[in-house]
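First the structure, in the form of structure tokens, and then the observations on it.
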Amino acid sequence: MDGVRSFLASRGIELPEGEHDDPPTAETVNGLGNRKNDLVLRQIHDQGVEAYPGSVRYVQAVRDAGLHRAVVSSSANCHDVLVAAGIDDLFETRIDGSVAEIQHLKGKPAPDTFLAGARALGVEPAESAVFEDALAGVAAGRAGSFGFVVGVDPVGQAAALREHGADVVVTDLADLLDGP
């Protein structure tokens with residue numbers, strides 16, 4: 001619900017916190033979050049999700065090379081998104097918003113979720129790479145002492161990704177396969 005709280009605060013809107021299981025019609029932070037979640041899930045299931053073909057090709061190549069793969073997302077809908085995109089089989093483990101809540105992991109820019117992903121795969125952060133499109137995620141990868149942090153920039157924020165700790169910035173993960 002941090003995103004809902006931040007959104008409301010940015011607009012000067014105050015609502016009571018409510019309870020985690022508030023109905024989507026409740027005028028509370030949790031109710032609004034549950035309503036947003038219902039709408040997102042409906043959109044995922046009705047419209048589907050289109051994966052970036054170059055990113056899929058990259059993750060398939062990584063899998064085929066025998067490297068470990070985790071998906072780390074703050075979204076509690078991560079599993080639904082992966083299934084709707086047809087790529088849930090590309091990852092060995094998933095650390096998402098639901099896992100973070102259960103394990104009491106701090107969100108990005110704290111490195112907790114990325115570190116949990118490395119632990120789940122049985123790999124050391126220093127021998128791992130983080131691939132991230134958000135500034136907070138790049139900062140989390142750097143804060144977790146990961147061996148390499150790749151900023152993914154489809155929207156024109158390459159300089160900011162570098163400032164937050166990206167070792168390299170690409171517009172698509174396929175750029176890492178294609179070379180210069």
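For VAL71, state whether it is in contact with a Ser or Thr (Cβ under 9 Å, 6 or more places away or on another chain) and crowded, with 19+ Cβ neighbours inside 10 Å. So VAL71 fits the description; yes.
The set of residues in the stretch 17-57 being touching an Asp or Glu at 6+ places or on another chain (Cβ under 7 Å) and open to solvent by less than 100 Å² (accessible area, probe 1.4 Å) consists of PRO24, THR28, VAL29, ASN30, GLY31, ASN34, LEU41, ILE44, GLY54, SER55.
Look through the stretch 81-95, keep the residues that are assigned to a helix (DSSP H, G or I) and under 13 Å from the mean Cα position of the chain (by Cα), and return whichever of them is farthest from ALA61 (Cα to Cα). Before you say what the answer is, go through the steps one by one.
Initially, the stretch 81-95 is screened for residues assigned to a helix (DSSP H, G or I), giving 81-85, 88-90.
This time we only want the ones that are under 13 Å from the mean Cα position of the chain (by Cα), so: 81-82.
Values: VAL81: 21, LEU82: 18 Å.
Ranking the candidates gives VAL81 first.
Just one of (1) in contact with a Leu (Cβ under 9 Å, 6 or more places away or on another chain); (2) within 30 Å of ASP172 (Cβ to Cβ) fails for GLN43. It is (1).
Yes or no, residue by residue, for (1) modelled with pLDDT under 95; (2) acidic (Asp, Glu):
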residue	(1), (2)
ALA139	no, no
ALA143	no, no
GLY147	no, no
GLY151	no, no
VAL155	yes, no
LEU161	no, no
ALA166	no, no
ASP172	yes, yes
LEU177	yes, no
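The set of residues in the stretch 2-16 that are among the acidic types (Asp, Glu) and surrounded by fewer than 11 Cβ atoms within 10 Å (Cβ to Cβ) contains only GLU14. Across the stretch 148-168, the number of residues qualifying as among the small types (Gly, Ala, Ser) and farther than 12 Å from ALA136 by Cα comes to 3.
With the requirement that a residue be farther than 21 Å from THR171 by Cα and aromatic (Phe, Trp, Tyr), what does the stretch 100-134 give you?
Filtering the stretch 100-134 down to residues farther than 21 Å from THR171 by Cα leaves 100-127.
Passing the criteria: only PHE114.
With respect to (1) polar (S, T, N, Q); (2) within 26 Å of ALA116 (Cα to Cα); (3) out of contact with any strand residue (DSSP E or B) (no Cβ under 9 Å at 6 or more places or on another chain), the lone exception for THR28 is condition (2).
The values are calculated or read from the model by the stated rules, or taken from the named source; none is laboratory data. Remember, it's a predicted structure, so these values are computed and weren't measured experimentally. Quick reminder, even Gly has a Cβ in these numbers, built from the backbone with ideal geometry, and neighbours come from all protein chains shown. Areas reflect the complete protein model, heavy atoms only, side chains present, ligands, DNA and RNA absent. Shrake-Rupley method; radii C 1.70, N 1.55, O 1.52, S 1.80 Å.
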